[in-house]
1. Can you give the calculated 222 nm mean residue ellipticity of chain A, where each DSSP H run of n ≥ 4 adds -39,500 (n - 2.57) and the sum is split over every residue, rounded to the nearest 500 deg cm²/dmol?
2. If you count, for every residue in A:10-22, the Cβ atoms of partner chains within 10 Å of its Cβ, what is the mean?
3. Give the peptides B:231-244, B:38-51 in descending order of average Cβ contacts within 10 Å, highest first.
4. Counting only C-alpha contacts under 8 Å and six or more residues apart, can you give the relative contact order of segment B:234-358 as a whole percent?
5. Simple spin-label model, 7 Å along Cα-to-Cβ: B:TRP315 to A:ASP2 in nm?
6. Quick one: if the Förster radius is 30 Å, what FRET efficiency do B:THR88 and B:VAL152 give, using the C-beta to C-beta distance and rounding to 0.05?
7. Volume per residue, Å³, of the convex hull around the alpha-carbon atoms of segment B:298-351?
8. Taking amide H atoms as placed 1.01 Å from N in the peptide plane, list the residues 5 or more away in sequence, or in a different chain, whose amide H sits under 5 Å from that of B:TYR266.
Amino acid sequence: MDWDSILFWVMIAIWVIMPAFIVYEEIRERRALAESEAATEELEVANE
Amino acid sequence: MIQEIALGLLTSGVAVGGASRLIVDIAMYFGLFVIVAMALNFQYGNAGIPNMGCAVQVIIGGFTVSAITTRLILTLVGNAGVELLPWTSDYDWVYNNPSNVAIVNTWLSGEPLFGISMLLFTLAVSLVLGAIIGWIIALPAIRLRATYLMIVLITMADASQIFGRNIVWISGGTLGLFIPDIFKWYPGDRTIVMAIITLLIGLISFFIFRTMLNSPYGRLMRAIRENEVTVGSVGKNVVGIRRNILMFASGITAISGSLLAFYFSYVVEANYQRALWTYWPWLMLILGGPGNNAGTFLGCALVIAVRRVIIVEKWFLQEVFFFPVAYFEQILLGVLLIAVIMFRPNGLIPEKLLYIPGVNYRKLVDEEAIVDWRGAPKARGVSSGISGIFRTLGGKKEEAGD
């Protein structure tokens with residue numbers, strides 16, 4: 001069995017998963033942050 | 001049937017040579033520098049500690065492999081009845097090293113468990129030694145202001161290389177040492193195995209740093225970065241916290257040095273130069289954006305890809321440039337650094353405001369906060385100290401750090 005080729009693709013998969021997960025996390029956090037900021041602004045407008 | 005097709009697809013057309021060889025090389029260096037740059041981001045990006053001594057921590061990992069693991073392997077293999085050449089004196093340690101490693105490698109080809117256990121042992125020891133060296137370099141330096149701290153750490157990086165060059169029993173002095181191949185039992189190219197392990201460790205360290213930065217301890221770190229006087233005035237042990245951050249990050253950084261040693265199967269102090277293991281990670285951090293793991297990743301990916309292509313394709317590039325291509329890397333380092341600081345001082349992905357997962361901002365603003373200080377724990381020693389780090393990693397919340 002050609003283990004090198006299998007492990008090569010495993011390595012590529014890990015390499016792709018890493019940044020994909022980090023980008024997903026980053027987008028999720030930025031979206032949540034934007035939502036919370038929008039909610040705070042709404043509250044401030046309502047209080048005024 | 002499906003298994004056969006999948007196996008056929010996986011094994012088709014890829015042999016580790018040519019372009020694939022370059023990809024494995026880039027992946028390996030990407031994994032190594034991700035570990036170093038994320039640890040640097042943890043120290044500088046989030047806690048404001050300008051660690052210009054990353055090379056010290058990386059070199060400790062390399063020295064762990066050459067001075068401890070190699071000795072341990074030689075001792076164990078000798079005890080197993082394998083005939084080795086003398087290696088106890090400095091002279092024998094260096095000049096009999098290639099022959100001894102060749103003998104040990106033959107024995108290791110039938111001992112996969114031994115090889116894996118030596119890898120785990122090395123990672124554990126380098127983690128501990130890295131933390132100890134972090135504590136040692138913190139002793140004189142941590143109370144200094146940023147600029148002086150940077151100068152002291154730069155000199156320590158050079159000092160560690162000088163130790164390695166002149167003390168033969170550490171890493172064979174200027175000649176270096178061959179390292180037993182712990183993946184000799186693997187029938188193919190062991191560098192792919194090393195690249196996978198390195199990428200996995202990079203991923204794990206990302207999760208560890210992410211957990212810590214999203215915890216009360218992470219918020220405390222950012223508070224120290226913004227204004228350490230204020231944090232100190234509310235009773236936090238700023239020096240202790242900074243020392244612990246340096247120790248923790250040093251331990252993680254040292255792992256990359258060990259992985260590099262196993263990747264090359266060779267340790268020489270010249271592999272752990274200050275420019276490579278301090279300035280390049282700094283460029284990655286500044287290019288991507290400090291205080292931001294995604295930025296660190298992006299910076300790493302860009303810089304590593306460009307660097308490895310320059311190194312591997314230098315014969316082609318030489319025809320394009322009018323100056324020796326050997327200088328191109330250093331020119332790139334300087335030009336990129338100046339360009340980023342001039343045009344994008346916050347990096348490609350600037351740091352975002354702090355988002356605390358699970359906190360309901362609407363509820364926080366709507367309801368009147370009632371704080372009962374009588375039940376609050378003592379300010380000092382709650383979130384500072386090693387126990388604070390482990391408590392954070394264990395997922396336990398603490399109130400004083402908020």
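Nothing in this text is a laboratory measurement; each read-out follows from the coordinates by a stated rule. Since the structure is predicted, the reported quantities are computational estimates derived from the model, not experimental observations. Quick reminder, even Gly has a Cβ in these numbers, built from the backbone with ideal geometry, and neighbours come from all protein chains shown.
1. Details: 1 runs with 45 residues, N = 48.
Rounded to the nearest 500, the figure is -35000 deg cm²/dmol.
2. Details: counts 6, 14, 6, 2, 9, 11, 0, 2, 10, 7, 0, 3, 9.
Averaged over the peptide's residues, the number is 6.
3. On the way: B:231-244: 18.1, B:38-51: 25.2.
Going from most to least packed, we get B:38-51, B:231-244.
4. Working: 76 pairs, mean separation 34.7, N = 125.
28 percent.
5. 2.5 nm
6. On the way: r = 36 Å, r/R0 = 1.20.
In this case the efficiency is close to 0.25.
7. Working: hull volume 4.3 nm³, N = 54.
Each residue corresponds to 79 Å³ of Cα convex hull volume.
8. B:ILE179
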